[in-house]
Structure formats: structure tokens, C-alpha cells
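**Student:** Mind having a look at this structure? Questions to follow.
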Amino acid sequence: MADNIATQLLVIQQHLEQGKVGEALAELQVIIARYPEQGKAQAMLGSIYLHHLADFTAAEEAFRIAMRQAPAYPALYYDYGELLLRLDRATETVAVLNKSLEVPGIEKDKIYSLFGNLYEREKKWEEAIEYYTLALFYTLSMENVSSYQNDLTRVKIKMNL
């Protein structure tokens, strides 16, 4: 069963990469109906609602279920943190991001970048710079280095306004 679900989730991910959101959503709903305890499927469902359908209520519901069922699934935290940021719920964002730092395999640079986003939104420039700098130190991707440098530059510009 687990191998079959893992394979199905990979196929769903491929559908998303090909822009076949409807097919991915339909297949996820079948998996969740058959195996409601599949937290990774719930996390993927939340991601679709967040990134493709802009249904924040449905995304949050899926992420909350996924947090109970698959708390060690790193991808959940990136998307759930992003959702909470979009909803301007700072206290909850901090709680989710702090919890994520305990998850094995979490990409700390992404989490620190989300912290940077949070503090930038709150106009807490020093904290934003601190977290974007941490993101820069933890990344192993040249693409992310450029992105985090741009984040730092943007905050420094804002500081001088």
C-alpha cells in the first residue's frame, strides 16, 4: 500500500509540473478518500489550494490535517508557513516555522527566508536582515544565493527610506 501511494504521489507531482492541476487534484482527492490518514497527500492538497487555486481556507484545513498526520514531512512547513504569512498571522507563522526547524531534512535556508519575509512585512529591518543572512549561510544553491542577496538589498533599501 505505501509503495503504491508513494508512486501515486509522484505521478501527482508530475501532473503539477506539467500544469495538469485538475488531474492532480482529482487524483489526490481519490487517495484521501481511500486513505484519509495520508498526511503527505493532505499537504499536497493544501499546496494545490494555496498555489494554484488561491483557496486559503481549504489550504489551511488541509495543512492542519497534514500537521497531525505527517509532522515530519518537510514540504508541509514551507507551504504552511507561506500561507500564514499571506494571511498576516505572525504568531502562528513563528510557531510553525520554529517547529519546522526540528524536522529532519528541513531546508533551513527556506525557513530562515520565510522568517525574513515575516520580519520584512512587519518592518523589523534588523530581524529581516538577520534571517536573510542566515538563509544565505545555509543555502547550497547558487540560485538561492542570488535570491537571498536580493532580499537583503531590498530590505537595506527600505531601511533608508
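The values are calculated or read from the model by the stated rules, or taken from the named source; none is laboratory data. For clarity, every value in this text was computed on a predicted model and none was experimentally measured. Don't worry about glycine lacking a Cβ; one is built from the backbone with ideal geometry, like all the others, and counts go over all protein chains shown. All accessible areas refer to the heavy atoms of the entire protein, side chains included, with ligands and DNA or RNA removed. Shrake-Rupley method; radii C 1.70, N 1.55, O 1.52, S 1.80 Å.
**Student:** Write down the accessible area per residue of the chain in Å², having rolled a 1.4 Å probe over the full set of protein chains. Show your work: numbers first, answer last.
**Tutor:** Numbers: 8860 Å² over 161 residues.
Dividing the accessible area of the chain by its residue count gives 55 Å².
**Student:** Could you calculate the FRET efficiency of Glu122 with Val21 from 1/(1 + (r/R0)^6), where r is the beta carbon distance between them and R0 is 41 Å, rounded to 0.05?
**Tutor:** That pair, Glu122 with Val21, gives E of 0.80.
**Student:** Would you mind checking the pairs Lys123/Lys158; Lys99/Lys156; Lys99/Lys123; Lys20/Lys108; Lys108/Lys156 and listing those with alpha carbons more than 20 angstrom apart? Walk me through the numbers before you get to the answer.
**Tutor:** Working: Lys123/Lys158 9 Å; Lys99/Lys156 28 Å; Lys99/Lys123 23 Å; Lys20/Lys108 30 Å; Lys108/Lys156 22 Å.
With Cα atoms farther than 20 Å apart: Lys99/Lys156; Lys99/Lys123; Lys20/Lys108; Lys108/Lys156.
**Student:** Same structure again: Normalised by the residues of the chain, what does the relative contact order come to in percent, with Cα pairs under 8 Å and at least six apart? List each step's numbers first, then the result.
**Tutor:** Numbers: 171 pairs, mean separation 20.2, N = 161.
Computed over the chain, the figure is 13 percent.
**Student:** If one computes the Cα centroid of the range 1-61 and of the range 91-152, what distance in Å separates the two points?
**Tutor:** The range 1-61 and the range 91-152 have Cα centres spaced 26 Å from each other.
**Student:** In terms of the Cα gyration tensor, with a ≥ b ≥ c the square roots of its eigenvalues, is the range 1-127 rounded because a/c is under 1.5, prolate because a/b exceeds b/c, or oblate? Each step should come with its number before you reach the end.
**Tutor:** Working: a/c = 2.15, a/b = 1.77, b/c = 1.22.
Because a/c hits 1.5 or more and a/b exceeds b/c, the range 1-127 counts as prolate.
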